[in-house]
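Below is one structure, written out as structure tokens; comments come after it.
Derivation of every value follows stated rules applied to the coordinates shown; laboratory data play no part. These numbers were taken from a predicted model, which means no experiment stands behind them. Every residue, glycine as well, gets a Cβ built from its backbone with ideal geometry; the counts of neighbours run over all protein chains shown.
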Amino acid sequence: MIVIKDLSVQFTGENLFENVNIRIHFNDKIALVGSNGKGKSTLLRLLCDLEKPETGQIIKQKGIRLGYLQQEFLSFKGKSIFEEVKGSLYEIQSLIEHESEILKELNSSSLDEETRNELIEELGVLNHKKEELNFYSAESRIQKVLLGLGFKENDFNRNTEEFSGGWQMRIQLAKILLAENDLLLLDEPTNHLDIDTLEWLIHFLKIYEGAIIVVSHDRYFVNNVTNKTLEIFGKSINFFPGIYDKYLTFKDERENQLIELQKNRDKKIKETEKFIERFRYKNTKARQVQSRIKMLEKLEAIELIENEKQINLQFPDPPRSGLIPIELMNISKNYESISALDNLNVKIERGEKIAVLGPNGAGKSTLVKILGSKIKPSNGEILFGSNTSVSFFEQEVVIALEDEHDLIDALEDVNNEIPIGQIRKILGSFLFSGDDVFKKIKVLSGGEKSRIALARLLLTKSNFIILDEPTNHLDFTSKEVLQNALINFSGTIIIVSHDIDFLKPIVNKVFEMREGKLKVYYGNIDYYLTKRNEIVTTATNKELKVGEIVTKKDQKRIEAEQRQNKYILTKDLKKNLSDCEKTIQVLEESKRTLEKKLADPKVYTDEQASKQINIDYLSTKKKLEVEYYNWIEISNKLDMIEKSFQN
């Protein structure tokens with residue numbers, strides 16, 4: 001479909017790529033990967049003829065159609081959403097215009113019979129083409145794609161300019177998906193999608209008949225959509241025949257091999273230099289010395305990838321909050337006549353790491369803004385536990401950054417106890433290195449400001465952190481840095497995000513928001529996705545025709561999967577409950593022993609001994625109360641999970 005031959009491209013006087021030779025075939029599903037600034041977006045623009053190479057050729061099959069979703073997209077205006085998207089169906093639009101011209105001519109009173117017959121015949125050909133292009137199902141296809149991308153039916157006739165940047169991107173994505181392109185070039189397509197829309201897009205692209213090249217830092221999305229990996233490494237571009245996770249394994253193995261080669265090279269250089277230094281002035285060894293000097297000159301440098309895994313940053317230990325940092329009681333939020341939140345009641349426990357998921361417009365951001373005291377509820381009460389200290393990250397947080405501060409000032413402003421070396425290390429992990437750290441905030445792009453805001457968050461001393469879409473402007477490395485810091489954070493976390501792979505190792509509970517209502521899932525992201533899939537499957541099965549039933553084999557498989565999921569989710573809780581019961585048994589026995597001693601009048605003849613027994617008794621009693629509370633909490637959680645698996 002596309003042949004790239006001897007391609008070389010320069011940027012600021014240096015080659016990004018040299019002598020690239022690759023082929024892209026129909027049905028290829030490709031993840032384009034490489035470090036930031038290595039030319040991923042440039043390659044996409046070259047394929048679209050938006051940039052030209054220094055040397056080489058990009059040979060495309062005749063008539064090939066390309067759809068390109070850029071990170072920076074144009075804002076649409078002047079049409080309704082439906083009409084804007086319909087305009088992407090170029091062949092259908094051409095047929096409509098042609099048909100309109102024919103009908104206009106047929107209505108002419110001066111038309112002779114022969115011309116009329118020719119026009120009627122042409123109209124018949126057009127109708128045949130309509131059938132070939134599925135003309136009469138076009139509007140239905142548009143509706144399905146718009147609904148899949150999160151638009152509602154009452155949005156279809158709204159003007160495009162009424163929608164914000166993230167929704168404008170969805171309009172552009174809808175146009176590209178519907179245009180029946182042979183090759184889709186998608187640059188960060190998931191940045192503004194919610195989890196429902198993400199799952200829909202994954203399904204759409206899996207069955208898409210054309211080829212796809214995608215640049216994305218969403219690992220879950222990439223692994224589910226692509227089957228090949230195209231890597232920009234050094235100044236070369238090469239295929240790896242596998243999904244992104246398998247490529248990462250290959251990358252680690254290659255890096256280890258390169259490190260060994262580097263060690264052998266350094267050893268060889270040292271031995272050669274030692275020989276040259278030893279025999280430099282001996283005439284009998286002159287030829288051998290010259291030979292080794294030439295050999296050193298020919299030794300090629302080995303390009304190593306930065307060892308990303310050495311970056312290990314973490315939050316400072318925050319002060320301990322109360323057992324319930326925040327509780328919502330009968331919380332509702334209305335915007336004029338629209339209800340955003342409807343009578344929410346929920347307790348958030350210390351140390352919980354909660355993902356807030358759901359479609360756009362369901363109330364996720366409203367919920368976290370109320371938790372972060374950014375907005376007030378219309379009704380209800382929010383109770384803050386003892387010593388609760390909240391930090392809030394959202395895309396708008398960049399407004400709080402001081403324009404005249406440089407990057408080091410911006411971080412020192414949050415925590416001036418951190419050494420300058422650690423600050424530079426944090427900035428480096430968020431892609432600010434060298435002299436970049438002295439840039440003023442005012443010259444940074446929106447994405448760079450977001451990264452600085454996240455770097456500031458790493459230095460916070462808060463024990464309750466709220467993050468609203470924190471990964472939108474992060475590459476894989478920066479995402480891993482933030483992810484590890486959140487895993488090791490000892491406080492409480494609320495995260496609004498659609499990035500499944502980012503959330504998986506962090507989250508231990510899920511809040512799902514739909515139509516202003518909150519549903520709690522007492523488990524991790526995998527558990528949530530399993531339960532969500534069951535709900536969707538059940539809803540789909542209800543729509544099946546009579547006679548379409550699940551086989552016994554399928555039923556047994558589903559039941560086995562549910563038992564396995566139930567075991568995974570309850571295993572640790574059951575162990576914790578058993579440990580708790582054993583502790584209670586020991587403490588109760590200790591309490592009874594101490595009570596017997598305190599009931600004995602002889603004990604009071606020794607004032608010091610009786611005082612110590614009384615202290616031990618009060619301490620044991622307090623420990624018992626804590627363990628009783630823990631037992632109730634664990635039992636409740638276990639009961640919730642058990643009930644969720646009941647039909």
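Using the rule -39500 (n - 2.57) for each DSSP H run of four or more residues, divided by the residues of the chain, the 222 nm mean residue ellipticity is -15500 deg cm²/dmol. What FRET efficiency comes out for Ser94 versus Lys246 if R0 is 51 angstrom and r is the Cβ-Cβ distance? Round to the nearest 0.05. Here the calculated transfer efficiency is 0.75. In plain terms, the chain from His128 to Asn157 could stretch by 7.5 nm, reckoned as 0.36 nm per residue minus the Cα-Cα distance. Peptides 110-122, 505-517 ordered by packing proxy, namely the average of other Cβ atoms within 10 Å per residue, highest first: 505-517, 110-122. Which net charge results for the neighbourhood of Asp342, defined as the other residues with beta-carbon distances under 10 angstrom from its beta-carbon, given Lys and Arg at +1 and Asp and Glu at -1? Charge balance in the 10 Å sphere: +1.
The magnitude of the dipole of the chain, with charges of +1 and -1 set on the Cβ of Lys/Arg and Asp/Glu and taken from the Cα centre, is near 3160 debye.
I need to check one value: relative contact order of the chain, counting alpha carbon pairs closer than 8 Å and at least 6 residues apart, in percent.
Result for the chain is 12 percent.
Normalised Debye scattering of the range 359-466 at q = 0.19, 0.21, 0.24 Å⁻¹ gives log10 I(q)/I(0) of -0.98, -1.11, -1.30, counting only Cα atoms as equal scatterers and leaving out solvent. Other residues within the sphere of radius under 15 Å centred on the Cβ of Ile615, judged by their own Cβ, net out at +2 (K and R +1, D and E -1). If R0 is 51 Å, what FRET efficiency do you get for Glu271 and Asn533 from their C-beta distance, rounded to 0.05? Efficiency computed from Cβ-Cβ geometry: 0.25. Near Gly372: Cβ cut-off under 9 Å, other residues only, Lys/Arg at +1 and Asp/Glu at -1. The net charge is 0. Around the Cα centre of the range 248-305, unit charges on the Cβ atoms of Lys, Arg, Asp and Glu (plus for the first two, minus for the last two) sum to a dipole of about 640 debye.
Three principal axis extents of the range 89-197 based on alpha-carbon atoms, in descending order, are 60, 30, 20 Å. Applying the Karplus relation 6.51 cos²θ - 1.76 cosθ + 1.60 with θ = phi - 60° to the range 410-425 yields 3J(HN,Hα) values of 4, 7, 5, 4, 7, 8, 7, 8, 7, x, 4, x, 5, 4, 5, 5 Hz, where x marks Gly and Pro. When the Cα positions of Asn576, Gly434, Phe511 are compared along the charge dipole of the chain, Asn576 comes out farthest toward the positive end, with charges on each C-beta of Lys, Arg, Asp and Glu. In terms of the mean number of neighbouring beta-carbon atoms within 10 Å, the peptides 608-620, 363-375, 14-26 order highest first as 363-375, 14-26, 608-620.
Between the beta carbons of Asp600 and Asn387, assuming R0 = 45 Å, the FRET efficiency works out to 0.60 to the nearest 0.05. When the alpha carbon gyration tensor of the range 248-305 is reduced to an equivalent ellipsoid, the three semi-axes, largest first, read 33, 9, 6 Å. Residue separation of Asn334 and Met295 scaled by 0.36 nm, minus their Cα-Cα distance, works out to 6.4 nm of gained length.
Considering the convex hull of the alpha carbon atoms of the chain, report its projected area averaged over all viewing directions, in nm², one decimal.
For the chain, averaging the hull's shadow over all directions gives 49.8 nm².
Derived scalar couplings between HN and Hα for the range 184-193 equal 9, 10, 10, 9, 6, x, 9, 4, 10, 9 Hz in order, rounded to whole Hz, by the Karplus curve 6.51 cos²θ - 1.76 cosθ + 1.60 (θ = phi - 60°), x for Gly and Pro. Here's how it looks for Phe17: its modeled amide H is under 5 Å from those of Val9, which are all 5 or more places away or on a different chain.
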